[in-house]
Amino acid sequence: MPSASESTSVSSFQDQLKAVHGLIETARSGNQRRALVLAGPCDWCLDTAERLLAATGLSSVHWFSDRAPPCVSSSQGAAALRLLGTELDALVFDAWSGFDPDAFGALSGSIKGGGLLLLLTPLFDQWPDYADPQNERITVAPYAADRLSGRFLQRLVKVLASDPDVMIFQQGGISKTVHTGTCHAVAKGQIETPCKTPDQQRAVEAVMKVATGHRRRPVVLTSDRGRGKSAAFGIAAAKLINSGRERILLTAPQPQSVEAVMEHAHRLLADRAAAIRFVAPDELLRDPQQADLVLVDEAAAIPAPLLEALLKRYARIAFATTVHGYEGTGRGFALRFSRSLDRYTNSWKALTLTTPVRWAVNDPLERLVFRMLSLDANAAADDVFQGVQPHECDIECLDRGALLDDQRALSELFGLLIQAHYRTRPLDLRHLLDGPNLSIYVLRVRQHIAATALVAEEGGFDADTAQAIWEGKRRPHGHLLPEALAVYLGLADAPLLRCARIMRLAVHPALQGRGLGGRLVSHITEQGRRAGYDYIGSSFGVTPALLGFWTKQGWVPARLSIQRGASSGAHSLLMLTYLSPRGENLLLKARGRFVAQFPYQLCDSLRGLDADLVCSLMKNAGPSGIEPDEADLADVRAFACGQRLLEVSIGSVWRWVCHTLMSSSRVSRLGEQELTLLVARVLQKHGWQECARQIGVAGRAQAQAVLRGAIAKLIG
């Protein structure tokens, strides 16, 4: 005979199983996806999930857990992203192993209509205090990972507990049930096979028109996950190939990103699959190829300069990206890239796919995931700032705990960050709420967030740690400025000093160009001075516009990375200003190291740096210490008037050009062609043929004539 406790356990499980069967039937009848939370001790959660899945007979099941049962499909960490493009009947997401927001956002999109998410968590009243392993990703020295705030997890609890479509089981019974019954999927309009929705059919037609219509009229497809945009690319490619097109090129951040496109194309192709092939984005530019159409998938994850170069190089090109995703957001991408599209195309078309392919409209799980990860966050509407004057703005440092009870403020804040930086992803929300060294400044207008800055506290290490950082023996996480100054510039005292780093700065598009960003920076700088910081700085993918903004604040360049960043496609520039006498001394040293290295890097690691950026950096770097003498000036004049070859007097010309760019305003006399040639030939040491190609002239003689004229202008 079973004991009383065993009978209760069996009875409880049978009740749970009956409820789960009802939840699955409801999901299947409406082609929806549903969520079940198992909240309790770790072993109970794992055992219950395994028993329920075995009893329901769901076939395609994946576990995101480091404790998954043997002989099941499972993953942890970045390996989970290999599931993108697959379809699951059920996903078990083990929050006891750590709640990874990026993985949760990515994997939840793999559950198909009629499927089930099982989320395993501690008891809700204990979860915010749980030492989540994911804390390691956002903690910084000297904070311990198990001492971070649990605001992000607290918010998850609030969202899950309040969602009417989430079923919750706790050890011993069902703590929250939901309505189950027959649902009816929304009927789809008449569409042409193989498309599954009218949205997808319109997307296919638009992509095909790029290849068959007028040149330089690209299309940009955007959608949330599960809307079939990758399938639309594949279907369009197959139709074009079947109609006689021979060269369809497909590119994306990674080859695995286009597997869904290839799969849908190959379904419709017989023996002509070779007509569509993958080529990496940088290779498309390094080795330009003939193409009837270039398809760029997951465009938001490709650096903006690379996208712009592709747009200029290929006359028939289409782009697609995910609006909300683990890898970043397509909203920020669309906002920024639209300016390039306006500049380099005759006209372009934006098309948004809204109808889901894998599940029904208004899917309960999609709504839940959006709320949990703030994927539906939006900056304040433009019209709320109509007629605003700059003096109406109030600046404050936010209480992050208060954000949990102010959904509008959190949505406007995170939405503004999404607009400003298209690589913003779900993990950034966790860092926003729980990052231990982070302060959030906002500029409000009429109670709405008009601008924001995320500021990290860095440095302040003891002498032994500072020495270890300088020697490269220690790299404490989350201290970018002092580490860079110590490791790359050799400034051993940088880690000793306290500093603030502006990580993100964003101004609402409706208010840009009115001085609000500068006002926010000035306020943060003054707060840092009062708090006893020695210096303040920032590191960002540099463009002439950004360099101009920070220079206007009185900041100076300290270091430029020798390689382009993977996300921005630009070189990272570190800029500083001082807040104390010790900070001023550090700044002078850093500036001196930059000036000592930069001119020589231009003919080495920075040979590809744009001419206008080179000139802006040299102008703002300060005195070069490179002093041409009278003999140098005589050589320069001799070259300018045609008496001497550049190769004979290159040392003199190089010293004179460096000195002129760093100390004279006469550079403004030069046109774009002349400036490009001056930098490319004299500073970056490109050959005459390459220089001629860059400025669009026939060859050496013509390029040399342009350079002589440019130097003559600077002398005069």
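Can you tell me how many residues in region 542-558 are in contact (Cβ under 8 Å) with a residue 60 or more places away in the chain and more than 25 Å from Thr424 (Cβ to Cβ)?
Total satisfying the criteria: 4.
Kindly establish whether Ser522 is touching a strand residue (DSSP E or B) at 6+ places or on another chain (Cβ under 6 Å), on the phi < 0 side of the Ramachandran plot and surrounded by fewer than 23 Cβ atoms within 10 Å (Cβ to Cβ).
Details: touching a strand residue (DSSP E or B) at 6+ places or on another chain (Cβ under 6 Å): no; on the phi < 0 side of the Ramachandran plot: yes; surrounded by fewer than 23 Cβ atoms within 10 Å (Cβ to Cβ): yes.
No: the conditions fail for Ser522.
If you check Leu432 against the conditions, is it among the aliphatic types (A, V, I, L, M) and at pLDDT 95 or above?
Numbers: among the aliphatic types (A, V, I, L, M): yes; at pLDDT 95 or above: yes.
Yes, satisfied.
Between residues in region 527-541 that are part of a strand (DSSP E or B) and residues that are of a type in the set (S, T, N, Q), which pairs lie under 7 Å by C-beta distance while being six or more apart or on different chains?
Qualifying pairs under 7 Å: Tyr535/Thr577; Ile536/Thr525; Ile536/Thr577; Ser539/Ser572; Phe540/Ser572; Gly541/Ser568; Gly541/Ser572.
Looking at the structure I just gave you, is Arg501 in contact with a strand residue (DSSP E or B) (Cβ under 7 Å, 6 or more places away or on another chain), outside the structural domain of Ala309 (by TED's automatic domain parsing), under 21 Å from Leu443 (Cα atoms) and free of Cβ contacts under 8 Å to residues at least 60 places away in the same chain?
Values: in contact with a strand residue (DSSP E or B) (Cβ under 7 Å, 6 or more places away or on another chain): yes; outside the structural domain of Ala309 (by TED's automatic domain parsing): yes; under 21 Å from Leu443 (Cα atoms): yes; free of Cβ contacts under 8 Å to residues at least 60 places away in the same chain: yes.
Yes, satisfied.
Among what's in region 472-509 and is among the aliphatic types (A, V, I, L, M) and assigned to a loop (DSSP other than H, G, I, E, B), pick the residue that is nearest to Ser439 (Cα to Cα).
Filtering region 472-509 for residues among the aliphatic types (A, V, I, L, M) gives 480-481, 484-487, 489, 491-492, 494, 496-497, 500, 502-503, 505-507.
With assigned to a loop (DSSP other than H, G, I, E, B) added as a condition, the list becomes 489, 491-492, 497.
Working: Leu489: 27, Leu491: 26, Ala492: 27, Leu497: 19 Å.
So the residue we want is Leu497.
Select the strands (runs of 3 or more DSSP E) contained entirely in region 30-129, then report the ones holding at least 2 residues which are over 27 Å from Lys158 (Cα atoms), among the basic types (Lys, Arg) and in contact with a Phe, Trp or Tyr (Cβ under 6 Å, 6 or more places away or on another chain). Full working, then the answer.
Details: elements: 34-39, 61-64, 73-75, 88-94, 111-121.
Those strands (runs of 3 or more DSSP E) do not exist here; none qualify.
Looking at Ile317 and the list (1) of a type in the set (Val, Ile, Thr); (2) modelled with pLDDT of 85 or more; (3) under 18 Å from Arg425 (Cα atoms), which single condition is not satisfied?
Failing condition for Ile317: (3).
Restrict the check to region 202-225 and report whether at least one residue is more than 21 Å from Leu341 (Cα to Cα) and outside any loop (DSSP other than H, G, I, E, B). Explain how you work it out, then say what you get.
Start the filter on region 202-225 by keeping residues that are more than 21 Å from Leu341 (Cα to Cα), which leaves 224-225.
Next cut, outside any loop (DSSP other than H, G, I, E, B) only: none.
The answer is no; no qualifying residue exists.
Determine the pairs where a residue that is among the β-branched types (Val, Ile, Thr), located within region 456-467, has a partner that is not in a helix (DSSP H, G or I) with Cβ atoms under 9 Å apart, the partner being 6 or more residues away or on another chain.
Qualifying pairs under 9 Å: Thr465/Ala141; Thr465/Arg474; Thr465/Pro476.
Can you tell me which residues in region 427-448 are in a helix (DSSP H, G or I) and in contact (Cβ under 8 Å) with a residue 40 or more places away in the chain?
Going through region 427-448, the residues in a helix (DSSP H, G or I) turn out to be 427-434.
Selection gives Leu427, Leu429, Arg430, His431, Leu433, Asp434.
Quick one: would you say Ser108 is of a type in the set (Gly, Ala, Ser) and farther than 23 Å from Gly435 by Cα? Even if it seems obvious, please write down each step before you answer.
Numbers: of a type in the set (Gly, Ala, Ser): yes; farther than 23 Å from Gly435 by Cα: yes.
So Ser108 fits the description; yes.
Take residues that are at pLDDT 95 or above, over 30 Å from Gly554 (Cα atoms) and outside the structural domain of Leu602 (by TED's automatic domain parsing) and tell me which of the helices (runs of 4 or more DSSP H) falling wholly in region 621-716 contain 1 or more. Let's see the steps before the verdict.
On the way: elements: 630-640, 650-663, 672-677, 688-695, 700-715.
Passing ranges, in order: 630-640, 650-663, 688-695, 700-715.
The values are calculated or read from the model by the stated rules, or taken from the named source; none is laboratory data. Please read all numbers here as calculations on a predicted model, not as lab measurements. No Cβ is skipped: glycine too gets one built from the backbone with ideal geometry, and neighbour counts run over all protein chains shown.
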